[in-house]
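The values are calculated or read from the model by the stated rules, or taken from the named source; none is laboratory data. All figures in this text were calculated on a predicted structure; none of them were measured in a lab. Virtual Cβ from ideal backbone geometry, glycine too; neighbours counted across all protein chains shown.
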Amino acid sequence: MATQEHPMPRFPDGFLWGVSTSAHQIEGAAELRERSVWDEFTDRPGRVKDGSTAAVACDHYHRYREDVALLADLGVGAYRFSVSWPRVNSPGGLDFYDRLVDELCAAGVRPVVTLFHWDLPAGLDWLQRDTASRFADHVSGVAERLGDRVHKWITLNEPAEHTLLGHALGVHAPGKRLLFDALPVAHHQLLAHGLAVRALRAAGVTDIGIANSHGPTWPASREQADVEAADFYDVLLNRLFADPVLLGAYPAGLGELMPGDDVEADLKVIAEPLDWYGVNYYAPTKVGAPQGAEIEFGGVSMPADLPFSVREITDVPLTDFGWPVVPEALTELLTGFRDRYGDRLPPVMITENGCSYEGVDDRQRIAFLDGHIRALHRAVAAGVDVRGYFVWSLLDNFEWAEGYARRFGLIHVDYPTQKRTPKASYHWYRELLRAQE
Ligand code: FCB
């Protein structure tokens with residue numbers, strides 16, 4: 001993959017460059033907060049591959065000043081982090097975010113807050129409708145406290161993965177394997193999103209979005225069975241969470257399966273207008289007709305009776321996590337999104353994009369980011385209104401069911417000593433940001 005041979009094209013004025021993290025993956029200090037569904041999950045043997053927990057993680061809770069200094073030195077315009085609901089429920093919990101936000105503002109880095117990044121307080125359950133209104137109450141409290149300084153708000157992170165991995169396939173917390181009976185989890189998160197938007201507006205804040213995961217779905221062949229299976233997967237991954245938010249409607253056939261007395265009324269809440277739409281992009285997925293056997297894909301065992309099967313993408317490089325590296329699929333995704341949603345699509349922000357590679361001299365990460373940022377620029381040149389790009393992630397961190405085995409950071413973390421070492425990609429990104437100023 002060629003890098004830096006041609007200068008990076010300029011992005012529009014005001015384009016927001018950033019990096020992302022999430023609370024559970026970096027904060028540690030688990031004893032200073034309530035437990036979350038992820039604590040319960042990691043305590044169950046065999047659930048996290050290396051047997052680790054996020055009890056200490058990057059100890060960011062205690063080292064946030066050092067981490068903000070690294071952000072400032074990197075020169076990002078914004079930092080996306082999440083507020084842990086279990087921490088906010090604990091005495092002094094919001095004080096931590098208050099200090100973090102102040103530190104960021106003092107360093108000239110705009111805070112972008114995600115209000116839910118999978119660490120649901122233990123005891124709550126997205127199968128229950130009232131989790132949505134509880135979330136909205138929680139959001140009101142956070143907005144009241146931080147609203148005067150936060151630059152942008154994100155209601156939910158990747159409700160698709162939280163539904164699919166956590167509730168349908170059981171490989172993430174809370175570890176439920178409900179298959180299609182997990183659909184209420186999707187609906188209740190979407191309702192929580194809409195209620196949170198209302199709570200934020202009521203608290204007087206602006207600049208609200210969501211961070212949904214998306215990627216092109218490629219049929220395994222032109223055979224009708226493969227094309228239909230891929231369309232079905234596309235609905236689950238790309239449309240189930242975007243159509244209700246952007247169009248106020250579920251894809252055909254799904255609305256009837258959702259819980260509640262008045263799904264139409266819920267959809268009005270879910271479709272509260274947004275100021276921008278966040279896209280987390282990692283890779284495309286190749287999908288074909290079911291193969292009649294349980295398959296193992298990316299560490300996830302997929303039951304035989306699903307109406308599709310995920311296939312390997314073989315002719316491209318893979319990250320250390322085994323994810324295909326296909327920068328041009330980001331252009332395809334964004335132009336396709338614009339064509340699908342037209343003027344219902346608000347300005348887009350890439351709220352996550354990144355890769356897992358070992359090592360501090362991480363040229364493969366540089367090649368990955370370089371390729372994806374160029375692909376993003378092609379989408380901008382094709383007329384997609386993209387306003388920002390956030391690398392996942394600032395630091396190596398607790399990668400959910402993979403534990404600490406996957407390293408997504410621009411900064412290496414030596415977990416025993418907590419020493420931070422900026423990688424080659426950190427220096428590369430800093431140069432890119434300078435050149436874009
Ligand atoms: C996304 C998650 C994020 C991180 C990256 C690698 O799905 O939002 O927390 O785990 O993947």
Filtered residue count, region 78-123, keeping only those that are more than 19 Å from the chain's Cα centre (by Cα), in contact (Cβ under 8 Å) with a residue 40 or more places away in the chain and assigned to a loop (DSSP other than H, G, I, E, B): 5
Kindly establish whether Ala196 is assigned to a helix (DSSP H, G or I), at pLDDT 95 or above, of a type in the set (A, V, I, L, M) and surrounded by fewer than 24 Cβ atoms within 10 Å (Cβ to Cβ). no
Hey, can you tell me all the residues within region 323-357 that are within 14 Å of the ligand (Cβ to nearest atom), under 23 Å from Val245 (Cα atoms) and part of a loop (DSSP other than H, G, I, E, B)? Asn353
Filtered residue count, region 72-99, keeping only those that are closer than 24 Å to Gly14 by Cα, buried (at least 23 other Cβ atoms within 10 Å of the Cβ) and not small (Gly, Ala, Ser): 4
Restricting attention to region 141-165, and to residues there that are away from the ligand (no atom under 16 Å from the Cβ) and within 16 Å of Pro121 (Cβ to Cβ), which single residue is surrounded by the fewest Cβ atoms within 10 Å (Cβ to Cβ)? Gly141
State whether one or more residues within region 275-293 are within 22 Å of the chain's Cα centre (by Cα), part of a strand (DSSP E or B) and of a type in the set (Lys, Arg). yes
What's the total number of residues in region 371-421 that are touching a residue at least 24 places away in the same chain (Cβ under 8 Å), among the acidic types (Asp, Glu) and surrounded by fewer than 19 Cβ atoms within 10 Å (Cβ to Cβ)? 2
How many of the residues in region 136-167 are under 18 Å from the mean Cα position of the chain (by Cα) and of a type in the set (A, V, I, L, M, F, W, C)? 6
Residues of region 384-435 being over 20 Å from Asp59 (Cβ atoms), touching a strand residue (DSSP E or B) at 6+ places or on another chain (Cβ under 7 Å) and more than 16 Å from the ligand (Cβ to nearest atom), which ones? Val384, Asp385, Val386, Arg387, Gly388, Tyr429, Leu433
Restricting the search to region 166-182, which residues are aliphatic (A, V, I, L, M), surrounded by fewer than 20 Cβ atoms within 10 Å (Cβ to Cβ) and part of a helix (DSSP H, G or I)? Leu179
Where Val310 falls short, out of the listed (1) at pLDDT 95 or above; (2) more than 30 Å from Lys152 (Cα to Cα); (3) within 16 Å of the ligand (Cβ to nearest atom); (4) outside any loop (DSSP other than H, G, I, E, B): (1)
Please work out which residue is farthest from the ligand (Cβ to nearest atom), limiting yourself to region 218-233 and to residues that are in contact (Cβ under 8 Å) with a residue 24 or more places away in the chain and either surrounded by 23 or more Cβ atoms within 10 Å (Cβ to Cβ) or part of a helix (DSSP H, G or I) (or both). Ala225
Quick one: is Ala289 more than 22 Å from Trp392 (Cβ to Cβ) and surrounded by fewer than 18 Cβ atoms within 10 Å (Cβ to Cβ)? no
Please specify each residue of region 199-215 satisfying the condition of being assigned to a loop (DSSP other than H, G, I, E, B) and either under 21 Å from Val269 (Cα atoms) or away from the ligand (no atom under 16 Å from the Cβ) (or both). Ala203, Gly204, Val205, Thr206, Asp207
Residue list for region 133-155, filter: within 13 Å of Ala199 (Cβ to Cβ) and either assigned to a strand (DSSP E or B) or among the acidic types (Asp, Glu) (or both): Asp137, Glu144, Trp153, Thr155
Which of the residues belonging to region 129-168 are among the charged types (D, E, K, R) and over 20 Å from Ser90 (Cα atoms)? Arg129, Asp130, Asp148, Arg149, Lys152, Glu158, Glu161
Across region 31-63, which residue is surrounded by the most Cβ atoms within 10 Å (Cβ to Cβ) among those that are of a type in the set (A, V, I, L, M) and over 16 Å from His117 (Cα atoms)? Val48
Kindly indicate whether Tyr250 is within 16 Å of the ligand (Cβ to nearest atom), among the aromatic types (Phe, Trp, Tyr) and part of a loop (DSSP other than H, G, I, E, B). no
If I ask for residues that are assigned to a loop (DSSP other than H, G, I, E, B) and of a type in the set (Phe, Trp, Tyr), which ones from region 409-437 would you list? Tyr415
Please go through region 236-279 and give me each residue that is of a type in the set (Lys, Arg) and more than 23 Å from Leu169 (Cα to Cα), ordered by number. Lys268
Quick test of your reading of the structure: Pro347 fulfils all but one of (1) modelled with pLDDT of 95 or more; (2) farther than 19 Å from Phe11 by Cβ; (3) of a type outside the set (Phe, Trp, Tyr); (4) surrounded by fewer than 15 Cβ atoms within 10 Å (Cβ to Cβ). Name the failing condition by number. (2)
